[in-house]
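Undergrad: Below you'll find the structure I mean.
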């Protein structure tokens, strides 16, 4: 069987890839697509903001790539007895999306499985819905978020409670940090993993704050940028949370709250040591 083999290399949070252009073998029915040992149940051609990627496979590990225009995002897939069912929000606007299932071969080499296209008909507020590593629709996340914000009424009170909880309950993972310094990014990241392990790096802190906030209806951004001071600059991540009562976004950094033991919740001098690059 000829396959399209996809080679990808992870550097920080950015994923790049290339592939050899050979044709994959596949079969298609009215209800499913079968390719490379993976069955994908065909989603509707037109969807309203999200798509369910579901099916079954004999393979041990698969991932999903969601592509629109020049933006591609890789998603981990949870296999349970060979079946999978992932709800993915289409956060890059209206229009055509390509959904590709890829199969792990070895190391960082994947090959293509089923591919479908869907048309998204609505714009989604990306800062309110689940996204890569921000599993705000997970029951563990939802239950904890409700518990943390119980009896609180304003958005700022809820934001502060979430910030405090993460800063007080998540330990900084210095082993993972040292691996990253050596360009080793073969680690587990994201809100759910951070909650379950009780530790993480700055990206993990920020995804957990975002997931908990979005789970109770707050608009939360994950910010990627730099920590800057006279001695060194390095990559860093934090959050912005929208406070509708004040019609503004506030900055919060739960990582520094834990590691430095100082206030990084809506402080006026926040950008003295933060440099924003991107948001999602």
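Undergrad: Out of all the residues in the range 165-172, is one or more in a helix (DSSP H, G or I), more than 18 Å from the chain's Cα centre (by Cα) and in contact (Cβ under 8 Å) with a residue 60 or more places away in the chain? Don't jump to the end; show me each part of the working.
TA: Filtering the range 165-172 for residues in a helix (DSSP H, G or I) gives 165-169.
Narrowing the set further to residues that are more than 18 Å from the chain's Cα centre (by Cα) leaves 165, 167-169.
Narrowing further to those that are in contact (Cβ under 8 Å) with a residue 60 or more places away in the chain: 167-168.
Yes, the conditions are met somewhere in the range 165-172.
Undergrad: So residue 43 ticks every box in (1) surrounded by fewer than 16 Cβ atoms within 10 Å (Cβ to Cβ); (2) in a loop (DSSP other than H, G, I, E, B); (3) more than 19 Å from the chain's Cα centre (by Cα) but one. Which box is left unticked?
TA: Condition (1) is where residue 43 drops out.
Undergrad: Another one. Return the residues of the range 136-157 that are touching a residue at least 60 places away in the same chain (Cβ under 8 Å), more than 22 Å from residue 93 (Cβ to Cβ) and out of contact with any strand residue (DSSP E or B) (no Cβ under 6 Å at 6 or more places or on another chain); say none if nothing qualifies.
TA: Matches in the range 136-157: 138, 141, 142, 144, 145, 146, 148, 149, 154.
Undergrad: I want to confirm something. Restricting to the range 249-280 and keeping residues that are more than 24 Å from the chain's Cα centre (by Cα) and outside any loop (DSSP other than H, G, I, E, B), which single residue is surrounded by the most Cβ atoms within 10 Å (Cβ to Cβ)?
TA: Checked the range 249-280; the qualifying residue surrounded by the most Cβ atoms within 10 Å (Cβ to Cβ) is 270.
Undergrad: Residue 187 - would you say it is at pLDDT below 95 and touching a helix residue (DSSP H, G or I) at 6+ places or on another chain (Cβ under 7 Å)?
TA: Details: at pLDDT below 95: yes; touching a helix residue (DSSP H, G or I) at 6+ places or on another chain (Cβ under 7 Å): yes.
The answer is yes for residue 187.
Undergrad: Looking only at the range 185-215, how many residues end up being under 23 Å from residue 77 (Cβ atoms) and out of contact with any strand residue (DSSP E or B) (no Cβ under 8 Å at 6 or more places or on another chain)?
TA: Residues flagged as under 23 Å from residue 77 (Cβ atoms) and out of contact with any strand residue (DSSP E or B) (no Cβ under 8 Å at 6 or more places or on another chain) within the range 185-215 amount to 8.
Yes/no matrix, rows are residues, columns are (1) more than 17 Å from residue 157 (Cα to Cα); (2) touching a helix residue (DSSP H, G or I) at 6+ places or on another chain (Cβ under 9 Å):
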{"position": "223", "(1), (2)": "yes, yes"}
{"position": "234", "(1), (2)": "yes, yes"}
{"position": "240", "(1), (2)": "no, no"}
{"position": "246", "(1), (2)": "no, yes"}
{"position": "252", "(1), (2)": "no, yes"}
{"position": "260", "(1), (2)": "yes, no"}
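Conditions tested, residue by residue: (1) within 16 Å of residue 140 (Cα to Cα); (2) surrounded by 14 or more Cβ atoms within 10 Å (Cβ to Cβ); (3) within 20 Å of the chain's Cα centre (by Cα).
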| site | (1), (2), (3) |
| --- | --- |
| 176 | no, yes, yes |
| 186 | no, no, yes |
| 194 | yes, yes, yes |
| 206 | no, yes, yes |
| 224 | no, yes, yes |
| 243 | no, yes, no |
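Undergrad: So, one more: Exactly one condition in (1) within 13 Å of residue 115 (Cα to Cα); (2) exposed (fewer than 15 other Cβ atoms within 10 Å of the Cβ); (3) at pLDDT below 50 is false for residue 1; which is it?
TA: So residue 1 meets the others, but not (1).
Undergrad: Can you pull out the residues in the range 69-116 that are part of a strand (DSSP E or B), under 25 Å from residue 57 (Cβ atoms) and either out of contact with any strand residue (DSSP E or B) (no Cβ under 7 Å at 6 or more places or on another chain) or not assigned by TED's automatic domain parsing to the domain that holds residue 35 (or both)?
TA: Within the range 69-116, 80, 106 meet the criteria.
Undergrad: Residue 228 fails exactly one of the following numbered conditions: (1) without any contact (Cβ under 8 Å) to a residue 24 or more places away in the chain; (2) over 19 Å from residue 132 (Cα atoms). What is the number of that condition?
TA: (1)
Undergrad: Of all the residues that make up the range 240-263, how many are free of Cβ contacts under 8 Å to residues at least 60 places away in the same chain and in contact with a strand residue (DSSP E or B) (Cβ under 7 Å, 6 or more places away or on another chain)? Outline the logic, then answer.
TA: Filtering the range 240-263 down to residues free of Cβ contacts under 8 Å to residues at least 60 places away in the same chain leaves 240, 247-249, 251, 253, 256, 260-263.
Subsequent filtering for residues that are in contact with a strand residue (DSSP E or B) (Cβ under 7 Å, 6 or more places away or on another chain) retains 240, 249, 251, 253.
Summing the residues that are free of Cβ contacts under 8 Å to residues at least 60 places away in the same chain and in contact with a strand residue (DSSP E or B) (Cβ under 7 Å, 6 or more places away or on another chain) in the range 240-263 gives 4.
Undergrad: In the range 124-133, which residues are part of a loop (DSSP other than H, G, I, E, B) and in contact (Cβ under 8 Å) with a residue 60 or more places away in the chain? Let's see the steps before the verdict.
TA: Looking only at the range 124-133, we keep the residues that are part of a loop (DSSP other than H, G, I, E, B), and these are 124-130, 132-133.
Within the range 124-133, 124, 125, 126, 127, 128, 129, 130, 133 meet the criteria.
The values are calculated or read from the model by the stated rules, or taken from the named source; none is laboratory data. The structure presented is a predicted model; accordingly, all values stated were derived computationally and were not measured. All Cβ positions, glycine included, derive from the backbone under ideal geometry; neighbour counts span all protein chains shown.
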